[in-house]
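The values are calculated or read from the model by the stated rules, or taken from the named source; none is laboratory data. Bear in mind that the values here come from a model prediction, so they are computed numbers and not experimental data. Ideal geometry is used to build each Cβ from the backbone, glycine not excepted, and the neighbour counts take in all protein chains shown. The area values use the complete protein model at the heavy-atom level, side chains included, leaving out ligands, DNA and RNA. Shrake-Rupley method; radii C 1.70, N 1.55, O 1.52, S 1.80 Å.
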Amino acid sequence: MSELTNDVSVTGSECTASSESLAGLELPKNYDPGTIEEPLFKKWFDSGYFSRNVAGFADEQKPSYTIVIPPPNITGVLHMGHALNNTLQDILTRKARMQGRPTRWVVGTDHAGIATQNKVEQKLAAEGKTRFDVGREAFVEACWQWRDEYGSTIIEQLKSMGCSCDFEHEKFTMDSDYAAAIRKVFVDWFDNGLVYKGHRIINWCPRCTTALADDEVEHVDETGHLWHLRYPLVEPVGDIEYLVVATTRPETMLGDTGVAVSPDDERYSALIDAGAQVKLPLMDRIIPIFTDEYVDKEFGSGAVKITPAHDANDFEVGQRHDLEQINVFTEEAVVNANGGRFEGMTREEAREAVVAAFEELGLLDHIEEHDHAVGHCYRCNTTIEPWLSDQWFVKMSELAAPAIKAVRENQVVFHPKRWENIYFHWMENIRDWCISRQLWWGHRIPVFYCDTCGWMGASVEDLEVCPKCGAAVRQDEDVLDTWFSSQLWPFATQGWPSEATWKQELDHYYPTQVLSTARDIIFLWVARMIMSSMYFLDGKVPFEDVIVHPTVLDKYGNIMSKSRGNGVDPLQLINTYGADSMRFGLALQVTGSQDLKFDEEKIMIMARNFATKIWNASRFVLMNLKDFDASQACDETSGKVTPLAVTDADRWILSRLARLTAQLADGQDGYDFGVIARSLYSFFWNEFCDWYIEFSKSQLNQGGTERAAAQRNLVFVLDSALRMLHPFMPFITEEIWTRLPHGDSRPSLMVAEWPNSAYFNDFIDDQAELAIEQLCAVVTAVRATKARYGISPKQPLDVVVKTTGDHALNAADVLNSQLEQLKSMARVGNFEASATAVKPAHSSVTIQAALEIYIQLEGFVDFDAEKARLQKELDKKVGELEKINKKLGNEGFLAKADVAIIEKAKSDAAELDKSIEQLTEQLADIG
RNA sequence: GGGCGAUUGGCGCAGCGGUAGCGCAGGUGCUUUACACGCACAAGGCCGGGGGUUCAAAUCCCUCAUCGCCCACCA
């Protein structure tokens, strides 16, 4: 049974749309998104359509469909990336919902540790205070207040886009149940040795005064300098009194505890053999010279100063050679007491001062320019300081292995597929993840210390006293990386780890179907979700598909950013063009390979014009239904209006519609949003509006069955098109659909059924498609001829068509039966089509596949011009024929090409032959 | 230093093995049973350069060029 007739509607099976509801037929002249969108959203929300059971319309027998939103930061405001990403998710969600699947788009926000803390600190700073002035407890309280005040901004903005998220069950990464999930994860990993504490060099942001993970550092190429500094030897070796080290960061020399050279660098072998030592200038520290494989003798001077406390490589070298680690900076990157007379200077001041001091001592060898990548904080852009400190880490290699396998085995599939390589590369070279942050806003690390007996442990519950000795314990001061909590998003939002809820939820609704995201968080977020999900949920992946959507760039191809000031505000677009247009315009640009250059002028105008087109086509349909009685035009059981094919035009549009539904059927359309949007656009505009609506005008005029059929088909095709357009343009389609007498008892298009391609399959009609193609060819030929000779479009012209194809007789019959259409669409006067027609005198000729169209032009035309045109046409055809004949003369082609291709070439050649013959004849005739 | 992507009419993009499509802009003509945010009709392209594979290449391979992204511990 087709979907159209197996209505599970709640209101029974009577025909519900009748002439009574015609009051709703009048549409205002212009589409005004501003007045329509908000009330419709409220209606959807109040009706409960956003919940998983979709107010009772979901079919529990069908597979569920779940998407989790990438939780926006509570500090976030909607930008173009969100607009695009959430458009895509909503398209998928709405389609699944219309297909009757229990559908849930999980929504919520991320507490965004650093970002939020920065905002609140800025607010305090405006009052002249720091977080230390107010203290930890009050500061965290202020963060909560900030969240209550501003945290839902972006959620409200999603609503104005029309996103059909499950807003009633909004989650937050600091909710108490979410916190429980985090504790469980941490404690489990701690107890299993996957979480450990390490004294290491980490990326330190001296402005945020916290550690950052490797992927939170953004490297920017900068032109800096390479300072070549002379380090005097304690005792000269031969006539060598000093060696030169090259550094980009001279200020760190204050913490140098060694100098390394390459083991096979002969320049320094004498020094190594002699066991020479350096007397570190300014600090007067005696430090060793040694060899290490790490050193590249080609670079700089071939000698590297080693500062174990301020460079990740030097740290490792230092460990190999057992060097002292001297930290010379405070957490704000100011020189500390270990920096001698430089104490109290900032990094920048210290650099200048150290270089000046070397120069004064005659120890500055030379300076050269040097390009290198410098790390910056991804939140505040401050230059990162590699800094030695105690931090918590997650051991990644064990977690990564199954997650790599899952993608290799297509349990998770990336779209486009090539992103998997990026994923593999990162996962296979994964490094341990620094998860502690020296912040106050976030999930505090659940590790407790007993200073009395030295016990340390992680605990799901807060501890007051030491489980070992009973003394008071203190909790770790640090909080967890925000991404530590985000990695749990797909399951912690759905009840995990509370056995009572997650067992039933997740057994049914997990894994989720799709994750749609920007590419820049594939590592930070996507990979970690896969790893944690597989670890905690018995190897289950969190989602089956990952869509990596294009990056939205400005019209010149630059990344949109605050500093460039080239961002576009989606809310502004919604105000100007409507949410539907913004959504459609963005979806239209999604192609899978290219980033999205957003040119408002080009994209939005196209989409807005399309929305207007939909509106006006619908106005036309509704205007012509005054005498339409849906109850006489519907399926008896479902009450829905069904089509009625009387003319070729009717059969044609239904056939075209059927092809569209087949293209959009499950599994066919994939995630090619741009392709789908374009198909919908061209069907609606170029087929339904440009031709069928025009055909319908004459049918409507004729009355009787033809009129009735046109009405039914207009309603049916529009109804079907609205269903397929709805996921892209939810508001305008809903507004029109609720006024259209389609007979469907569902209260909203949002919960109406998706057109089932199996039902439409019967409408496919090759004959009708061919017939209309020929009819259109005649119409176009007449219009073109009039335009060419400046004849008014209103001037009727007599037309004779000779049909020349295999189905000549039938084609002639078909054309003759379309006289009304020809009169209405092309202002044809007398008309005759036959296989034996002869060319009337003084007429223009248009050769179309299997048709010779003669248009009587006596008294209208300068025949010299027509002659020239025919000659041009003839030359073109001759050229084409030459090409094809060359192909057909090629033995390789005949031997190896597909039969169908060869047949096509042959028939093309035959047609061209005939055309050339005709054209030559016509030319002779005119001459 | 590696990897990836892009290069198609003036502009923004589709197409990805069988003789180039869309939208915008520009041209000509239109108050035609909705729509000028419209209708009709034309015009506009050796598909970045060079090589190769193939009967056949915008489409596959190699190479170069330009632009853009990502990754990388060279001081």
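So the values come out like this:
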{"read-out": "Top-ranked residue of the range A:448-461 - restricted to ones that are closer than 22 Å to A:Leu194 by Cβ and in a loop (DSSP other than H, G, I, E, B), ranked as most open to solvent (accessible area, probe 1.4 Å)", "value": "A:Glu461"}
{"read-out": "Scope the range A:539-582; condition in contact (Cβ under 8 Å) with a residue 24 or more places away in the chain and at positive phi; matching residues", "value": "A:Gly539, A:Gly557, A:Gly578"}
{"read-out": "Qualifying residues in the range A:349-372 (those that are open to solvent by 100 Å² or more (accessible area, probe 1.4 Å) and without any contact (Cβ under 8 Å) to a residue 24 or more places away in the chain) - the one farthest from A:Pro386 (Cα to Cα)", "value": "A:Glu360"}
{"read-out": "Total residues in the range A:782-801, condition at pLDDT 90 or above, assigned to a helix (DSSP H, G or I) and more than 8 Å from RNA strand B (Cβ to nearest atom)", "value": "1"}
{"read-out": "Residue check, A:Ala350 away from RNA strand B (no atom under 15 Å from the Cβ) and either more than 33 Å from the chain's Cα centre (by Cα) or among the hydrophobic types (A, V, I, L, M, F, W, C) (or both)", "value": "yes"}
{"read-out": "Output for the range A:387-412, where each listed residue is surrounded by 15 or more Cβ atoms within 10 Å (Cβ to Cβ) and either among the aromatic types (Phe, Trp, Tyr) or in a strand (DSSP E or B) (or both)", "value": "A:Trp387, A:Leu388, A:Ser389, A:Gln391, A:Trp392, A:Phe393, A:Val394"}
{"read-out": "Subset of the range A:183-216 that is surrounded by fewer than 16 Cβ atoms within 10 Å (Cβ to Cβ) and assigned to a strand (DSSP E or B) - its residue that is farthest from the chain's Cα centre (by Cα)", "value": "A:His199"}
{"read-out": "Options A:Leu822, A:Leu775: the member that is assigned to a helix (DSSP H, G or I), open to solvent by less than 50 Å² (accessible area, probe 1.4 Å), modelled with pLDDT of 90 or more and more than 24 Å from A:Lys877 (Cβ to Cβ)", "value": "A:Leu822"}
{"read-out": "Selected residue (criterion: nearest to A:Gln848 (Cα to Cα)) from residues of the range A:887-921 that are of a type in the set (Val, Ile, Thr) and either touching a helix residue (DSSP H, G or I) at 6+ places or on another chain (Cβ under 9 Å) or within 7 Å of RNA strand B (Cβ to nearest atom) (or both)", "value": "A:Ile916"}
{"read-out": "A:Glu251 being surrounded by fewer than 17 Cβ atoms within 10 Å (Cβ to Cβ) and more than 10 Å from RNA strand B (Cβ to nearest atom)", "value": "no"}
{"read-out": "All positions within the range A:526-542 that are surrounded by fewer than 21 Cβ atoms within 10 Å (Cβ to Cβ) and part of a helix (DSSP H, G or I)", "value": "A:Tyr535, A:Phe536"}
{"read-out": "Subset tally (residues that are in contact (Cβ under 8 Å) with a residue 24 or more places away in the chain and among the charged types (D, E, K, R)) for the range A:82-135", "value": "9"}
{"read-out": "Whichever residue in the range A:156-182 is among the acidic types (Asp, Glu) and outside any helix (DSSP H, G or I) and, among such residues, is least open to solvent (accessible area, probe 1.4 Å)", "value": "A:Asp166"}
{"read-out": "Any chance A:Tyr242 is of a type outside the set (Val, Ile, Thr) and touching a residue at least 60 places away in the same chain (Cβ under 8 Å)", "value": "yes"}
{"read-out": "Members of the range A:769-781 that are touching a residue at least 60 places away in the same chain (Cβ under 8 Å) and within 13 Å of RNA strand B (Cβ to nearest atom)", "value": "A:Leu775, A:Cys776, A:Ala777, A:Val778, A:Ala781"}
